[in-house]
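This report concerns only the one structure given below.
Each value in this text was obtained by applying a stated rule to the coordinates, not by laboratory testing. Bear in mind that the values here come from a model prediction, so they are computed numbers and not experimental data. Please note: Cβ atoms are built from the backbone with ideal geometry, for glycine as well, and neighbour counts cover all protein chains shown.
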Amino acid sequence: MANGSVRVRFCPSPTGNPHVGLVRTALFNWAFARHTGGTFVFRIEDTDAARDSEESYGQLLDSLRWLGFTWDEGPEVGGPHAPYRQSQRMETYKDVAEKLKDAGHAYHCYCTASELEERRDAARAAGRPSGYDGKCREVTPEQKARYEAEGREPIVRFRMPDETITFTDLVRGELTFTPENVPDYGIVRANGAPLYTLVNPVDDALMEITHVLRGEDLLSSTPRQIALYKALTELGIAKEIPSFGHLPYVMGEGNKKLSKRDPESSLNLYRERGFLPEGLLNYLSLLGWSLSADKDIFTIEEMVAAFDVADVNPNPARFDLKKAEAINADHIRLLDVKDFTERCAPWLKAPFAPWAPEDFDEAKWEAIAPHAQTRLKVLSEITANVDFLFLAEPAQDEASWTKAMKEGSDALLRTAREKLEAADWTSAESLKEAVLAAGEVHGLKLGKAQAPVRVAVTGRTVGLPLFESLEILGREKTLARIDAALARLAS
Ligand code: GLU
Ligand code: ZN
């Protein structure tokens, strides 16, 4: 599709922390807008004062920026349909609700919660549909007077047409909803507060949204919105009914829907662990879509060039952290070294780094960075991989110590020290020869011979390539650490 008039929207509610499901929705909308040369509208659905917060609003903007999504209309950017925060559009909703009521598309419903519940239970018991039964569709002036005398405060309810609603979902194909499954629904609370059911389609109409791409959890609201849309069209408020596409569920652990309450769904977690935005977006794009069967790693530009909502797979997608990390590791490798070193910066200082700022050595860092770049899954792993360079003593991992320091390790370490002392410290190869030779003296292959050296010098059994690490750390410190290990072994 190449249609400059595509208008999509991303319209989260600022409640809680942004989660990966939300990011996937933003990504698909954004990619669709960019692919079609359309407009990406960012709208904040903050009509629920009890649940919305400024903090969460700030986080949403910050998250979109971190991900690299630019919006063509929305908060801080403005646009022809401003304001883009629903809390600033209350007059509009009030006005539309009035018009819907005046035209007979909506009515006052005086039923109390307990009355509704009673009738719902009775309907269920009789095997009838349990949604709203339409009782207040026709309220006589006498009834109305009586209700009001009783102090009842009505909600506004939308009158669903008594007809079947069919639409072609962009992802799922043709879907049909019969009237008994889509009862009349509330659009304004008794206290006058408009509900999501009203404000979301009203804004989609006023903002001339052409394609609504959103999670499958919202599928049941679509027939209602289509009916409301038709009413708005009749009133001259809406131009045309948008197309809808419902993105598949994302399943987490144990094949349960990933919920925003699951800790692994929090976007902040991925940021703090050092996912690259490009790695995370590459992974999230695979939740319901793919570039091609044999290409899992791609740039956002490649995704934009290829993305079409018609290719979204309706089946539930499984969130796989291991795969997300593997893809992120590939994106880390794709960075140029300078970019990589800059992106690691947050993890090379407090609160992540355990060394004092003055002990950080830029030259050592630049020397080790290329060796780290090919080995990290997430950037936060950098800290533990390079701490041996900046700490006065290695952060000794006791399990590593026990594993590496065996019977005879002291003899091996002594020989290794001698050979290293005599080695050429301008070449990692020479340091390798030294440890290899020490191993030969004790009948040990390189792997076995280097383990105690690595633990003595870095504090861990696993890490970056050892001989390059030693070379960068330097002769004096390496020898001193082997001495310290020998002293510990002797005590
Ligand atoms: N504010 C709604 C939500 O975050 C928007 C849903 C929609 O895309 O229609 O769930
Ligand atoms: Zn009622």
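Quick notes on this structure:
- Ranked by the mean number of other Cβ atoms within 10 Å of their residues, highest first, the peptides 69-75, 456-462, 111-117 come out as 456-462, 69-75, 111-117.
- Computed [θ] at 222 nm, deg cm²/dmol, the chain (DSSP H ≥ 4; -39,500 (n - 2.57); rounded to nearest 500): -14000 deg cm²/dmol
- The range 383-432 and the range 212-262: distance between their alpha carbon centers, rounded to Å: 59 Å
- Centre-to-centre, using Cα atoms only, the range 13-45 and the range 130-193 are separated by 30 Å.
- Cut-off 14 Å between beta-carbons: net charge of the residues surrounding Ile482, Lys and Arg +1, Asp and Glu -1: +2
- Mean Cβ count within 10 Å, highest first, over the residues of peptides 315-325, 203-213: 203-213, 315-325
- Neighbour-limited loop hits for trypsin sites (Lys or Arg not before Pro), the range 212-307 (at most 16 other Cβ within 10 Å; DSSP other than H, G, I, E, B): Lys239, Lys256, Lys260, Arg261
- When the GluC sites (Glu not before Pro) in the range 405-491 are filtered for DSSP coil states and for at most 11 other beta-carbon atoms within 10 Å of their beta-carbon, the remaining sites are Glu407.
- Taking amide H as placed 1.01 Å from N in the peptide plane, the amide H of Leu247 sits under 5 Å from that of Arg214, Gly215, Glu216, each at least 5 places away or on another chain.
- Surrounding net charge for Arg89, when Lys and Arg each add one and Asp and Glu each subtract one, Cβ distance under 11 Å: -2
- Set of lysines with alpha-carbon distance to Lys94 below 25 Å, sequence-local pairs under 8 removed: Lys135, Lys144, Lys230, Lys239
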